[in-house]
Amino acid sequence: MSDVTLQEPYPDVPTGRPSIRPESWWSVKRQAIKAHKHAYILMAPYMLLFGMFTVLPVIMSIVISFTYFNMLEFPKFIGWQNYSKLFLEDDIFLIAVKNTLLFAAITGPLSYLACFIFAWIINDLRPKLRAFMTLVFYAPSISGNVYFIWLMIFSGDRYGIANGLLINWGIILEPIQWLKTEAYILAIIILVQLWLSLGTGFLAFIAGLQTVNKTLYEAGAVDGVKNRWQELWFITLPSMKPQLMFGAVIQLTSSFAVADVSIYLAGFPSVNYAAETIVTHLMDFGTIRFEMGFASAIATVLFMLMVGTNLIVQRLLRRVGE
């Protein structure tokens, strides 16, 4: 037989060896869906509701942000006018962005650390005492009339708790209008928000600490882990990364979405917009003025801030334990 150069056979010509073709992306996905069809069937109701009430509204909000829409007329496309007006003409929005970023920079990390530290301490208590302390720390986040307490503390007359104590101690002579003075409003709201933030993230950390395998600490001691700080960094935190991620998302989202505490304590609007946030600005244009296109632009900016911040935090959390 003469020597010939072997060439790839034509697809329709039968040969002694089968031709190897790479599987397409869709065929691989189809096989995976077929193999896990029962899981997809169980997930379908949730995914349907999630798509209808979360994904679809976000997409519609982004689309409406490029229109003029007053809920009486059909939306009219105006391009980037809402965004240019938002950043170049709306001075109150810039105040709201500054206040919101300040809220997020202070309450986000502090509440996150406070939730974990308190959870770490309470986790070492006896079961009954641990359950009681967990309720104590979680209760403020579910209390319906919690703002009434702080209104009593920072009341502007002599009967307010803060004014009464300061007058009795001789620090001040006249009562201070805490919630009507621009210099105090933001600090008070940050304080109240920190107190309210010990909620879902705190429970997630407690649950995560309970699921850490105790044998890992024994193995760590054999491998050279010498103290509790090394146990925390090399064993505890890497073992509860899902709970750390969940807590970070919850705390950051709540810090960017501050609105109720500002409205209840400082009013709507607050004095010289000292407690204005992006969400209260959104409520102003969306529920009072019904400028839905402009309100959607505000919501889109807030959404992008949340997504960007969460991506940064997730990247930082991946390095825990390295």
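For PRO14, state whether it is modelled with pLDDT under 90 and surrounded by 10 or more Cβ atoms within 10 Å (Cβ to Cβ). Here the answer is no, as PRO14 does not meet what is asked. In the range 183-202, of all residues being modelled with pLDDT under 85 and more than 21 Å from PHE148 (Cβ to Cβ), the one that is surrounded by the most Cβ atoms within 10 Å (Cβ to Cβ) corresponds to GLY201. Scanning the range 226-278 for residues that are modelled with pLDDT of 85 or more, part of a loop (DSSP other than H, G, I, E, B) and of a type in the set (S, T, N, Q) yields SER270, THR277.
Picking from residues in the range 306-322 that are without any contact (Cβ under 8 Å) to a residue 60 or more places away in the chain and assigned to a helix (DSSP H, G or I), the one that is surrounded by the most Cβ atoms within 10 Å (Cβ to Cβ) is MET306. Across the range 284-316, the qualifying residues are those that are of a type in the set (S, T, N, Q) and over 21 Å from ASP260 (Cα atoms), and the one among them that is nearest to the chain's Cα centre (by Cα) is ASN310.
Residue count for the range 203-237 satisfying the condition of being of a type in the set (D, E, K, R), surrounded by fewer than 15 Cβ atoms within 10 Å (Cβ to Cβ) and under 19 Å from ILE122 (Cα atoms): 2.
Restricting attention to the range 27-40, does a residue exist that is part of a helix (DSSP H, G or I), hydroxyl-bearing (Ser, Thr, Tyr) and modelled with pLDDT under 90?
Yes: one or more hits.
Determine whether PHE116 is under 22 Å from the mean Cα position of the chain (by Cα), closer than 20 Å to MET306 by Cβ, buried (at least 18 other Cβ atoms within 10 Å of the Cβ) and not hydroxyl-bearing (Ser, Thr, Tyr).
Criteria not met by PHE116.
Picking from residues in the range 280-296 that are assigned to a helix (DSSP H, G or I) and either in contact (Cβ under 8 Å) with a residue 40 or more places away in the chain or touching a Ser or Thr at 6+ places or on another chain (Cβ under 6 Å) (or both), the one that is nearest to ILE153 (Cα to Cα) is THR280.
So that you can scan it fast, the table gives a plain yes or no per residue for (1) farther than 22 Å from PHE246 by Cα; (2) surrounded by fewer than 17 Cβ atoms within 10 Å (Cβ to Cβ):
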position: PHE103; (1), (2): no, no
position: THR107; (1), (2): no, no
position: ILE122; (1), (2): no, no
position: PHE137; (1), (2): no, no
position: ILE172; (1), (2): yes, yes
position: LEU179; (1), (2): yes, no
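Number of residues in the range 185-223 that are assigned to a helix (DSSP H, G or I) and in contact (Cβ under 8 Å) with a residue 24 or more places away in the chain: the value is 21. When the range 76-92 is filtered for residues that are surrounded by 11 or more Cβ atoms within 10 Å (Cβ to Cβ) and under 27 Å from PHE268 (Cβ atoms), the ones remaining, listed by number, are GLN81, ASN82, TYR83, SER84, LYS85, LEU86, PHE87, ASP90, ILE92.
The single condition among (1) surrounded by 11 or more Cβ atoms within 10 Å (Cβ to Cβ); (2) assigned to a helix (DSSP H, G or I); (3) at pLDDT below 90 that SER61 does not satisfy is (3). If LYS76 satisfies every condition in (1) at pLDDT below 90; (2) charged (D, E, K, R); (3) within 30 Å of LEU302 (Cβ to Cβ) but one, which is the exception? Here LYS76 clears every test but (1). One residue alone among ALA299, ALA295, ALA274 is more than 24 Å from VAL55 (Cα to Cα) and crowded, with 19+ Cβ neighbours inside 10 Å, and that residue is ALA274.
The values are calculated or read from the model by the stated rules, or taken from the named source; none is laboratory data. Since the model is a prediction, treat every value here as computed from it, not as a measurement. No Cβ is skipped: glycine too gets one built from the backbone with ideal geometry, and neighbour counts run over all protein chains shown.
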